[in-house]
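The structure appears right after this line, and notes come after that.
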Amino acid sequence: MIVDCLLHAHSSFSYDSSTDLADLAKAARARGYSCILMSEHNNTLDDEQVKAFVARCREVSDDALLVIPGLELSFSSNRVHLLAYGIERFIESMSKTCTFGSLVSEIRAAGG
């Protein structure tokens, strides 16, 4: 089975995009994609913003297109980024004690 998907997409929930999530979904549908794997930057978000982002992903999803929430987790002084899909809560990664291993554990605990 082949699934056509957009991968590592940013919307206006990230600092580097001004595209509304509904516009991304519309473009994906027009091109026949089945899903979008979102990757919003976590280093400018907080828990409430992630909750709003997850709700918006659900709102623009339908039977033809699944918009999967995800975060691009920045760590190691923003030199390393880890993509985490299926995440529905904020994950902090910018502390000096954060490691790749601790992030993977946090992602798994969050269902990603």
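Every number here is computed from the coordinates shown, using simple stated rules; none is lab data. Everything numeric in this text was worked out from a predicted model, so none of it was measured. We place every Cβ from the backbone using ideal geometry, glycine too, and count neighbours over all the protein chains shown.
Brief remarks follow.
- Counting all C-alpha pairs of region 53-97, share separated by more than 17 Å (%): 43 percent
- MRE, 222 nm, helices only [DSSP H, n ≥ 4, -39500 (n - 2.57), over the chain, to nearest 500]: -9500 deg cm²/dmol
- Kirkwood-based Rg to Rh ratio, the chain, C-alpha trace: 0.98
- Neighbour net charge for Gln49 - beta-carbon separation under 12 angstrom, K R +1, D E -1: -1
- Approximate spin-label separation Ile2-Asn78, in nm, with each point projected 7 Å along Cα-to-Cβ: 3.9 nm
- Cut-off under 5 Å, modelled amide H: who pairs with His8 long-range: Leu37
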